[in-house]
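Working notes, beginning with the structure itself.
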Number of protein chains: 2
Amino acid sequence: MTDSPVSFQMLKTCPGSRARAGELVTPHGIVPTPVFMPVGSQGSVKTLTPEEVRDVGTTMLLANTYHLYLRPGIPVIEGAGGLHKFMAWDGPILTDSGGYQVFSLAGLRRINNKGVVFRSHIDGSEHTLTPELAVQYQESLGADIIMVLDECTAIDSDYAHVEQALRRTNHWAERCLKAKRRSDQALFGIVQGGIYPELRKQSVEFLTSMDFPGYAIGGLSIGEPKQVTLSITEETAALLPQDKPRYLMGVGSPEDLVECVARGIDIFDSALPTRVARNGALFTSSGRVNILNAAFAEEQRPLDPACDCYTCRTFSAVYLHHLFKAKELLAYRLATIHNLTFISNLVCRMRDAILNGTFPLFREDFMVRYRPTDEATRLDQKQKWLQSRNNDI
Amino acid sequence: MTDSPVSFQMLKTCPGSRARAGELVTPHGIVPTPVFMPVGSQGSVKTLTPEEVRDVGTTMLLANTYHLYLRPGIPVIEGAGGLHKFMAWDGPILTDSGGYQVFSLAGLRRINNKGVVFRSHIDGSEHTLTPELAVQYQESLGADIIMVLDECTAIDSDYAHVEQALRRTNHWAERCLKAKRRSDQALFGIVQGGIYPELRKQSVEFLTSMDFPGYAIGGLSIGEPKQVTLSITEETAALLPQDKPRYLMGVGSPEDLVECVARGIDIFDSALPTRVARNGALFTSSGRVNILNAAFAEEQRPLDPACDCYTCRTFSAVYLHHLFKAKELLAYRLATIHNLTFISNLVCRMRDAILNGTFPLFREDFMVRYRPTDEATRLDQKQKWLQSRNNDI
């Protein structure tokens, strides 16, 4: 593991929190951390071209092995020369193992120690995923960072069930490492253990004994209260080695990014900024607003006059409001550009603050100004999304 | 009319056909003719930013007064400083009068000599459109070229009905001219008369006596057989003055553009290239193809390797096929870019051929190579579209 194709350089730690600033060196370029990865599930960050993905400040993106395996199929992407070429993105990519989607999206799962049998959410066809196949598919896709296959448990699973799943996850991590062939990809381990600190600790101990080049925290942001997300993240991150990158999977609201950077996370991914954008929910320095609100029906200034994104530089809030009302496809794209630019800028500002030693001040200031969605609305939206995401725009 | 803000310079006529190459000088720039205008009904060429609209070769675009009047409303656009600023497009714009949509899209019409009362297709609210209001709205929008309000008759209307509508259209043309206040917009007349050559002739005689700076041919491409479109276009264009631009409304398939340029048309608009793009129908030098066809499921080359559009330069056909299969929003945009680039290139090549004296050869060569949709499919698709366009993507 010492000659990993992906290395992490820690540049600065915050004395007033656990925040860290660093650099992730990958075969497709250097990624300053903290970093947020937009999600391109099906080989496309929804509505954007690769140039736009770059322009909004993206340095690394995430693609879903589950989605790409089902459609267009791994051989098609292999035939293109890999995912970078297929989707015309020459920056770093991280692929997940497919595990999370198999457990949350696909139907009729049968799981045993060998792997998991599931039905495609597209056509109901039956497929098998094993640790070895998860690695093989990700090697064919050719991302810079690939992930072990893990068993994801629901947030209300009891201790015994999570413990059993963790044993399997640990065993699968070993098999993934053993199955790995390509030397130009880094395989990250995934800490599981649900909401049980003792199991999280066991998971960290097991994985760190295998010396992965990076560690993810999985099994969060799946419907639990935000305080649970934050406390499990805090406790788990504190156990992970200082010199390895830490990736919190599935977290991406502005307020969560700030609070989880403060808890020592380096890497994030989430479909939230792009998904809510397509519903008209836009991030501003004072909080999340809905562009469909009547307040914007005559607002001739940009949505956020201080924002330097293409959307705010070019169009008024009323134009954006009009496009959403008229269901014009350009609306979803302009909103996506705005939200991803907001997130990129936020992450850059956090990094600068860590490097300058002003992160605690930045964090306090941000949390005072930024009005997030209230907790009840958030959980309700999350639930709706989990149920309906196949029909998402 | 001699000091019209829009002037037309004829540069060359084709000796082997009636094709013409010229220049339309407008307050927002020079437009080489023949020209095709993409349609931005609601203040957006669907899926594209203004920069992309420019990049695909657009020199002038069309926006619909009917749509913009209903949503966001004329005062909002006036408040933005006009349509150019509202939609961030600084090139020439032509707006229609709203007449066509009122007669084809809105419900419950009551027409009399004063104007037409209609119900919004959005919320059923009742509105009145008169020649004076049509001009007033278009002056508020501020396009470079505006159109008279005309009464549009169905393609199966009998002679007496079309004759009566034509009398009203003529009267309305006079009232539009009289209502016009702004000196920086050109008002074009619209020839009506259905499929009756005698009425088309009467319409031309009446309008040309008023010396408009340009003439449109309306009431075609509304479901009639293609041979009728071509013959009425040919006969009508032949009657129009040589030194004024001629605009055939609603025509925009590649084969129609070639055949109607050959009949002396200078300006076209149509939603067809962008609408069919969003359904996966793409123009290539050998004809129209559907990207969803299985033939593209493993095609690692671009859709058209000779095409210089962004889509073909950047992505493989299988990637585009995948995006359509997966219903990714980027699909509609990449297809739109491809089709509009194809049309722009086609129009440019026709213009070059006219200037070089090789247009008849070009026309023959194009019509041999290009396989359009067959006539039955075309009429069927048109019918479906006319019925369903409010639910269009």
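One table, with the values for the structure above:
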quantity: Matching residues in the range B:67-81 - criterion: being within 12 Å of another protein chain (Cβ to nearest Cβ) and touching a strand residue (DSSP E or B) at 6+ places or on another chain (Cβ under 9 Å); calculated: B:Leu68, B:Leu70
quantity: Some residue of the range B:212-230 being of a type in the set (A, V, I, L, M), modelled with pLDDT under 95 and under 21 Å from B:Ala134 (Cβ atoms); calculated: yes
quantity: Matching residues, the range A:82-113, being under 16 Å from A:Glu139 (Cα atoms) and either away from every other protein chain (no Cβ under 14 Å) or small (Gly, Ala, Ser) (or both); calculated: A:Gly82, A:Pro92, A:Ile93, A:Leu94, A:Thr95, A:Asp96, A:Ser97, A:Gly98, A:Gly99
quantity: Extreme residue, farthest from B:His127 (Cα to Cα), among residues of the range B:44-103 that are surrounded by 24 or more Cβ atoms within 10 Å (Cβ to Cβ) and more than 20 Å from the chain's Cα centre (by Cα); calculated: B:Phe86
quantity: Test set (1) within 22 Å of the chain's Cα centre (by Cα); (2) not in a helix (DSSP H, G or I) - B:Cys307 fails condition number; calculated: (1)
quantity: Cβ pairs under 7 Å, 6+ apart, first in the range A:126-149 and under 13 Å from A:Gly82 (Cα atoms), second of a type outside the set (A, V, I, L, M, F, W, C) and part of a helix (DSSP H, G or I); calculated: A:Tyr137/A:Thr65; A:Tyr137/A:Tyr69; A:Gln138/A:Thr65; A:Ser140/A:Glu78; A:Leu141/A:Thr65; A:Gly142/A:His84
quantity: Residues located in the range A:1-33, provided they are closer than 20 Å to A:Thr59 by Cα, part of a strand (DSSP E or B) and among the β-branched types (Val, Ile, Thr); calculated: A:Val25, A:Thr26, A:Ile30, A:Val31, A:Thr33
quantity: Selection status of B:Arg71, farther than 30 Å from B:Phe8 by Cα and either touching a Pro at 6+ places or on another chain (Cβ under 9 Å) or touching a residue at least 12 places away in the same chain (Cβ under 8 Å) (or both); calculated: yes
quantity: Checking A:Ala216 against (1) surrounded by 21 or more Cβ atoms within 10 Å (Cβ to Cβ); (2) outside any strand (DSSP E or B); (3) under 18 Å from the mean Cα position of the chain (by Cα), the condition it does not meet; calculated: (2)
quantity: Considering residues of the range B:9-29 that are among the β-branched types (Val, Ile, Thr) and over 18 Å from the mean Cα position of the chain (by Cα) only, the residue nearest to the other protein chains (Cβ to nearest Cβ); calculated: B:Val25
quantity: Residue check, A:Ala281 among the aliphatic types (A, V, I, L, M) and within 14 Å of chain B (Cβ to nearest Cβ); calculated: no
quantity: Which numbered condition B:Phe296 misses (of (1) crowded, with 24+ Cβ neighbours inside 10 Å; (2) touching a strand residue (DSSP E or B) at 6+ places or on another chain (Cβ under 9 Å); (3) within 11 Å of chain A (Cβ to nearest Cβ)); calculated: (1)
quantity: The range B:175-187, residues that are in a helix (DSSP H, G or I) and surrounded by 14 or more Cβ atoms within 10 Å (Cβ to Cβ); calculated: B:Arg175, B:Cys176, B:Leu177, B:Ala179
quantity: Filtered residues of the range A:67-89 (kept if farther than 14 Å from B:His321 by Cα and in a helix (DSSP H, G or I)); calculated: A:His67, A:Tyr69, A:Leu70, A:Ile74, A:Pro75, A:Glu78, A:Gly79, A:Leu83, A:His84, A:Lys85
quantity: Which listed residue, of A:Ile122, A:Ile195, A:Ile190, A:Ile155, is in a strand (DSSP E or B) and either assigned by TED's automatic domain parsing to the domain that holds A:Pro92 or at pLDDT 95 or above (or both); calculated: A:Ile190
quantity: Candidates A:Gly194, A:Gly107 - the one that is in contact with a strand residue (DSSP E or B) (Cβ under 6 Å, 6 or more places away or on another chain) and not basic (Lys, Arg); calculated: A:Gly107
quantity: The one condition in (1) surrounded by fewer than 24 Cβ atoms within 10 Å (Cβ to Cβ); (2) modelled with pLDDT of 95 or more; (3) of a type in the set (S, T, N, Q) that B:Asn113 fails to fulfil; calculated: (2)
quantity: Members of the range A:153-170 found to be crowded, with 22+ Cβ neighbours inside 10 Å and under 21 Å from the mean Cα position of the chain (by Cα), listed by number; calculated: A:Thr153, A:Thr169
quantity: Single match in A:Leu340, A:Leu330, A:Leu323, A:Leu334 (criterion: part of a helix (DSSP H, G or I), within 23 Å of the chain's Cα centre (by Cα), within 11 Å of chain B (Cβ to nearest Cβ) and buried (at least 24 other Cβ atoms within 10 Å of the Cβ)); calculated: A:Leu334
quantity: Test: residue in the range A:301-311 that is in contact with a Leu (Cβ under 7 Å, 6 or more places away or on another chain) and not hydrophobic (A, V, I, L, M, F, W, C); calculated: yes
quantity: Number of the exception - B:Arg313 against (1) within 14 Å of another protein chain (Cβ to nearest Cβ); (2) among the basic types (Lys, Arg); (3) touching a residue at least 24 places away in the same chain (Cβ under 8 Å); calculated: (3)
quantity: Matching residues, the range A:265-304, being under 24 Å from the mean Cα position of the chain (by Cα) and either farther than 25 Å from A:Arg378 by Cα or of a type in the set (Lys, Arg) (or both); calculated: A:Arg275, A:Arg278, A:Arg288
quantity: Residues of the range B:34-66 satisfying the condition of being within 12 Å of another protein chain (Cβ to nearest Cβ) and assigned to a loop (DSSP other than H, G, I, E, B); calculated: B:Gly40, B:Ser41, B:Gln42, B:Gly43, B:Ser44, B:Val45, B:Lys46, B:Thr47, B:Leu48, B:Thr49, B:Asn64
quantity: Residue identified as on the phi > 0 side of the Ramachandran plot and out of contact with any Asp or Glu (no Cβ under 6 Å at 6 or more places or on another chain) among B:Leu108, B:Leu141, B:Leu149, B:Leu129; calculated: B:Leu108
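The values are calculated or read from the model by the stated rules, or taken from the named source; none is laboratory data. As the structure is a prediction and not an experimental result, all values here were calculated from the model. A quick note on method: Cβ atoms are made from the backbone with ideal geometry, for glycine too, and the neighbour counts reach across all protein chains shown.
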